[in-house]
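Report on one structure; see the data block that follows.
Taken together, the values in this text are just the output of simple stated rules run on the coordinates, not laboratory data. For clarity, every value in this text was computed on a predicted model and none was experimentally measured. Please note: Cβ atoms are built from the backbone with ideal geometry, for glycine as well, and neighbour counts cover all protein chains shown.
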Amino acid sequence: MKTNLTFIIITACLTFAANELAAQEKKGGILHGRVEAVDGNTITVNYRRKSRPFTLHDKLTINYVSFLKAKKEIKPGFFVRAHVDSKGQCHQLWVTLPIPKENLKPSAKMLTMTAAELHKMADRNGDGEVSYVEYATAIYRSPKHGPVGFGKADRNKSGTLNLKEFTSKLEGIKWYRISRKTPAEWHAEADANSDGVLSKKEFVTFLGSTAHLDTFFKRADKDRSGDLSVADLAGFIDSILR
């Protein structure tokens, strides 16, 4: 009897998960990832390790990010961010040239480099500007957020970031912002009541956002004390930077 009950519970959970996935696919949303195939107006993208096709709407807006002299087209291997409706049609699309797929983490040296040094490091062709591919290869990589953020940072719409634009963009990148101060300095700055620990509210001051707050706080609060010591914050910072 117990075995049958366990089987029923597992089956119900799997069915619920499958229905949830189907519902998410039906209502559309944002698809992002590497293009697997292009067949006329149908694009297939590898989204969360699953092939997801969508069609291009006849009034589609396409943003070719930092293509510069490259031909503006969509090919397998390129990366896209697509706003897809419940009918599987894309109304707004960001397209980028191929970028590395593996996770990108800053090196120990990068954590101590100035904005000007990082700009020079990322500028592989030495033209004094950083293209999207150079930026996504060396500084920050996100098929979902990267193309939009890069476009906003490109104030003069040149398709690249000069040092001033690049420096402004760096300020919004978590690893760069956090690495500018020591854990003790961050802790002291966020500890509004000077009691030696950070509450969840004070932790927000350090994060600069409430996004994923509960998850991040739980990750930092290893001893489940409900507040964060300098050591707790140092461990959390290390997990982000390393």
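Here are the numbers for the structure shown:
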quantity	calculated
Pairwise FRET efficiency - R242 versus A192, Cβ, R0 = 30 Å, nearest 0.05	0.60
31 Å Cα-Cα threshold exceeded, pairs from K105/K222; K120/K152; K87/K200; K75/K218; K59/K120; K72/K152	K87/K200; K75/K218; K59/K120
Gain upon complete extension [S225, E171; 0.36 nm per residue less C-alpha separation]	16.3 nm
Residue with peak Gaussian network fluctuation, the chain [Cα springs, cutoff 10 Å], from S194, S66, S179	S194
For N63, distant residues with modelled amide H under 5 Å away	L93, W94, V95
Packing-based ranking, highest mean first, of 36-43, 80-87 given that Cβ atoms within 10 Å are counted	80-87, 36-43
Segment R49-S86, length gained on full extension (0.36 nm per residue, minus Cα span)	11.3 nm
Inter-label distance for M113 and L163, nm, one decimal - labels placed 7 Å from Cα along Cα-to-Cβ	1.5 nm
R0 of 25 Å, Cβ-Cβ distance E73-S209: FRET efficiency to nearest 0.05	0.10
Of R49, R177, R34, the one that fluctuates the most in a GNM where the chain has Cα springs shorter than 10 Å	R49
Whole-Hz couplings from phi, Karplus 6.51/-1.76/1.60, listed for region 231-242; x for Gly and Pro	5, 4, 5, 4, x, 5, 4, 4, 5, 7, 7, 9
Rel. contact order, % - alpha carbon contacts under 8 angstrom, at least six apart, region 87-153	36 percent
The chain: most fluctuating residue of K72, K157, K109 per GNM, C-alpha cutoff 10 Å	K109
